[in-house]
1. Looking only at the range 171-184, filter to residues that are without any contact (Cβ under 8 Å) to a residue 40 or more places away in the chain and open to solvent by 10 Å² or more (accessible area, probe 1.4 Å); which one of those is nearest to the ligand (Cβ to nearest atom)?
2. Restricting the search to the range 234-264, which residues are hydrophobic (A, V, I, L, M, F, W, C), in contact (Cβ under 8 Å) with a residue 12 or more places away in the chain and more than 12 Å from the ligand (Cβ to nearest atom)?
3. Residue pairs, Cβ under 6 Å, 6 or more apart or interchain, first in the range 302-329 and within 22 Å of Asp143 (Cβ to Cβ), second at pLDDT below 95 and open to solvent by 60 Å² or more (accessible area, probe 1.4 Å). List them.
4. Can you pull out the residues in the range 274-309 that are charged (D, E, K, R) and within 19 Å of His252 (Cβ to Cβ)?
5. Going through the range 14-35 one residue at a time, which ones are more than 29 Å from Pro89 (Cα to Cα) and either within 16 Å of the ligand (Cβ to nearest atom) or in contact with a Lys or Arg (Cβ under 9 Å, 6 or more places away or on another chain) (or both)?
6. Taking the condition within 30 Å of Val85 (Cβ to Cβ), within 16 Å of the ligand (Cβ to nearest atom), touching a helix residue (DSSP H, G or I) at 6+ places or on another chain (Cβ under 6 Å) and open to solvent by 70 Å² or more (accessible area, probe 1.4 Å), does Ala187 pass?
7. Given Gln43, Gln56, Gln13, which one is surrounded by 15 or more Cβ atoms within 10 Å (Cβ to Cβ) and among the polar types (S, T, N, Q)?
8. Exactly one condition in (1) within 16 Å of the ligand (Cβ to nearest atom); (2) surrounded by fewer than 21 Cβ atoms within 10 Å (Cβ to Cβ); (3) farther than 19 Å from Asn159 by Cβ is false for Val281; which is it?
Amino acid sequence: MTTTITLTGAGGQIGYALLFRIAAGDLLGPDEKVRLRLLEIPQGLGAAEGAALELQDGAFGLLEHVEVTDDAAVGFDGCDLALLVGARPRGPGMERADLLAANAGIFGPQGAAIAANAAAGVRVTVVGNPANTNALIAAASADGVPAERFTALTRLDENRARAQLAQTLGTPVHTVRRVPIWGNHSATQFPDISHATVAGRPVAPALEQIVGDVPAWLDETFIPRVAKRGAEIIAVRGSSSVASAANATIEHVRDWVRGTDDWTSAGVVSHGEYGVPEGLVSSFPVRSVDGEWQIVEGLELSEWARARIDASVAELLQERETVQALGLL
Ligand code: NAI
């Protein structure tokens, strides 16, 4: 079998990190051939073409074909998996409304092009920021494609949260599970450890022994560290997160296609779960079953957790209202 994968922003940093892992089989396994379509804007075509030459030189056995284009109809033709990474970054003096509007101008037309050209059953993962609202706009513009096929990446946030928790506990990261992200992929996100386990046991007692006052540690250390990790990486590395973002994208798509054995996090469309207004693309604890994300329902939420979720969801609502007020949704 061959899967057609469209990557937007293929000439950018995350694109460069993603392409070689996809071609090496990290996304779909060692038996699935891939056809890559690299969609860029004209200024990004040279970098994408250069990456395509290097893909050729990788002599990857699974890679059937690479096409570079700035035409969305060509880019999404027959697409099974769309990775929407290309986005408009915030420029100097740009207000949040300007950023939302500029990205609506990208993700609206891309949603329409997906509806017109992609394969039935297309799955879309939005990485480009503001990812949740960009996914909402793409879904709203994709007539005939179920909104459930549009998701936003919050897996990097979850991985950061699990890694921080593992480091604090002095335990390998794979033993830390069930640390979902709720809400927006932004500084208001809520990484939730209330149901977390370490080596199968609740995390709270072990954590209390190490940090003492767990609620204070969450408010003052853990949540800000996870939410601001992107800025920390920029400060230390001198440039934004790239390989970790590509890795999280691979994990999100791989789990969506192949299924999960436990919870993870993804920005998915709300049907009103946990009081999140219908239609918003919000991060939830999810499982992937038979190729579809399912929100993990029935979790007990403390008042404190509820307030954290509400604050992030309020930001998502505000983003939707801004885009609606501009007539872009
Ligand atoms: P980059 O600036 O290196 O690359 C972006 C690429 O997108 C450029 O080559 C640009 O030409 C292209 N592009 C812009 N508009 C396009 C359009 N309409 N169609 C196709 N391509 C287009 O940026 P980088 O580092 O690769 O990041 C990409 C995005 O991912 C950013 O919006 C960033 O904020 C976001 N991001 C999201 C994360 C998440 O967890 N959801 C984590 C890290 C980054």
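The values are calculated or read from the model by the stated rules, or taken from the named source; none is laboratory data. Note that the structure is predicted; figures quoted are calculated from it, not measured. Glycine also receives a Cβ, built like all others from the backbone with ideal geometry; neighbour counts cover every protein chain displayed. Keep in mind that these areas ignore ligands, DNA and RNA; they rest on the heavy atoms of the full protein, side chains included. Shrake-Rupley method; radii C 1.70, N 1.55, O 1.52, S 1.80 Å.
1. Among them, the one singled out is Val173.
2. We begin by selecting, within the range 234-264, every residue hydrophobic (A, V, I, L, M, F, W, C); these are 234-236, 242-243, 245-246, 248, 250, 253, 256-257, 263.
Filter once more, keeping what is in contact (Cβ under 8 Å) with a residue 12 or more places away in the chain: 242-243, 245-246, 248, 250, 253, 256-257, 263.
Ile250, Val253, Trp256, Val257, Trp263 - these are the residues of the range 234-264 that are hydrophobic (A, V, I, L, M, F, W, C), in contact (Cβ under 8 Å) with a residue 12 or more places away in the chain and more than 12 Å from the ligand (Cβ to nearest atom).
3. Close Cβ pairs satisfying both conditions: Val323/Leu329.
4. Initial filter on the range 274-309 (charged (D, E, K, R)): 278, 287, 290, 292, 297, 300, 303, 306, 308.
Scanning the range 274-309 gives Arg287, Asp290, Glu292.
5. Leu28, Gly29
6. Numbers: within 30 Å of Val85 (Cβ to Cβ): yes; within 16 Å of the ligand (Cβ to nearest atom): yes; touching a helix residue (DSSP H, G or I) at 6+ places or on another chain (Cβ under 6 Å): yes; open to solvent by 70 Å² or more (accessible area, probe 1.4 Å): yes.
When the stated conditions are applied, Ala187 passes them.
7. Exactly one of Gln43, Gln56, Gln13 is surrounded by 15 or more Cβ atoms within 10 Å (Cβ to Cβ) and among the polar types (S, T, N, Q), namely Gln13.
8. The one condition Val281 does not meet is (2).
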